[in-house]
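Remarks on the structure that follows.
The values are calculated or read from the model by the stated rules, or taken from the named source; none is laboratory data. Worth saying up front: this structure is predicted, and the values here are computed from it rather than measured. Please note: Cβ atoms are built from the backbone with ideal geometry, for glycine as well, and neighbour counts cover all protein chains shown. Calculation scope for accessible area: heavy atoms of the full protein, side chains included, ligands and nucleic acids excluded. Shrake-Rupley method; radii C 1.70, N 1.55, O 1.52, S 1.80 Å.
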Amino acid sequence: MNSVEKYNIEDNDIILEGYAFYLNLDSNNASISIFLRNLNNNDEIWMDTKTVSRPDIQNYYECEYNYENSGFIATTKYKKLNMNDGYEIYVNV
């Protein structure tokens, strides 16, 4: 399960915020990485990704698995993207 919930451009950075986890697997030791793939030339831009606590996700799914450590904030410099191209967002857990 994953979702990019926010997208912002701040101080020449692109910032993505959201959550990602595997169903039926605790997120305590999860490692999340995000990259953007250029649709024209398949170049990848790996974002600096920080895992953050998301108690709201844990509360929403109310189950025996712990999804609290499933949040992320990912950033990259705006100038790394070609604004004339399209990009896919890849979320790895």
Notebook entry, point to check: Over all distinct alpha-carbon pairs, what is the Kirkwood Rh of segment 3-54 in angstrom?
Noted result: 12.9
Item checked: Carbon plus sulfur fraction of accessible area for the chain, probe 1.4 Å, in percent -> 43
Next item on the list: Treating only the Cβ atoms of Lys and Arg (+1) and Asp and Glu (-1) as charged, compute the dipole magnitude of the chain about its Cα centre; round to the nearest 20 debye.
Entry: 260
Check: From the phi of every residue in segment 51-60, what ³J(HN,Hα) in whole Hz does the Karplus formula 6.51 cos²θ - 1.76 cosθ + 1.60 yield, where θ is phi - 60° and glycine or proline is x?
Finding: 7, 10, 6, 9, x, 5, 5, 4, 5, 5
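Expressed in whole Å with the largest first, what are the equivalent ellipsoid semi-axes of the chain derived from the C-alpha gyration tensor as the square root of 5 times each eigenvalue? Provide the component values of the computation, followed by the final result.
Working: eigenvalues 148, 35, 20 Å².
For the chain, the ellipsoid semi-axes come out as 27, 13, 10 Å.
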Next item on the list: First select every other residue whose beta carbon is under 14 angstrom from the beta carbon of Tyr67; then total the charges, Lys and Arg +1, Asp and Glu -1.
Entry: -4
